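In what follows, a structure is listed as structure tokens, so that the remarks can point back to it.
Coordinate-derived values only; no laboratory data. These numbers were taken from a predicted model, which means no experiment stands behind them. When we count neighbours, we look across all protein chains shown, and the Cβ atoms used for this are built from the backbone with ideal geometry, even at glycine.
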């Protein structure tokens, strides 16, 4: 999966309205309409997925079941992200599809910052 991600062109650093949670070895995004805090944002990168085979690999990695979305670990959802330049861009995000009762909210909204003990990454975007 790392090889697929490395070859995806990065378009922009951006944010979406939502909350990010610590699920142990990976994060879980919940969009603002399902978040307990409608003012939170989650930072990440918008990348260009240019082939159907890459989408299939990404969906499989994220545990997406298009036939039974209720069984998916994540669902791929279309949303609007805001770039650091203020532009709005329509994109796909993977939204966590399980119970979050016991997960800790990541207040920074950035997985990389969270893993770096709160120190924001400067050279590498979230």
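Among 58, 29, which is assigned to a helix (DSSP H, G or I), in contact (Cβ under 8 Å) with a residue 40 or more places away in the chain and either buried (at least 19 other Cβ atoms within 10 Å of the Cβ) or under 13 Å from the mean Cα position of the chain (by Cα) (or both)? Can you show your working first?
Values: 29 fails: assigned to a helix (DSSP H, G or I).
When all the criteria are applied, what remains is 58.
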Within region 4-24, the residues that are under 14 Å from the mean Cα position of the chain (by Cα) and in a loop (DSSP other than H, G, I, E, B) are 23
Taking region 39-55 and keeping residues more than 17 Å from the chain's Cα centre (by Cα) and part of a helix (DSSP H, G or I) leaves 52, 53
Over region 70-122, the set of residues part of a helix (DSSP H, G or I) and exposed (fewer than 13 other Cβ atoms within 10 Å of the Cβ) is 70, 71
Those residues of region 1-16 that are in contact with a helix residue (DSSP H, G or I) (Cβ under 9 Å, 6 or more places away or on another chain), surrounded by 13 or more Cβ atoms within 10 Å (Cβ to Cβ) and touching a residue at least 60 places away in the same chain (Cβ under 8 Å) come to a total of 1
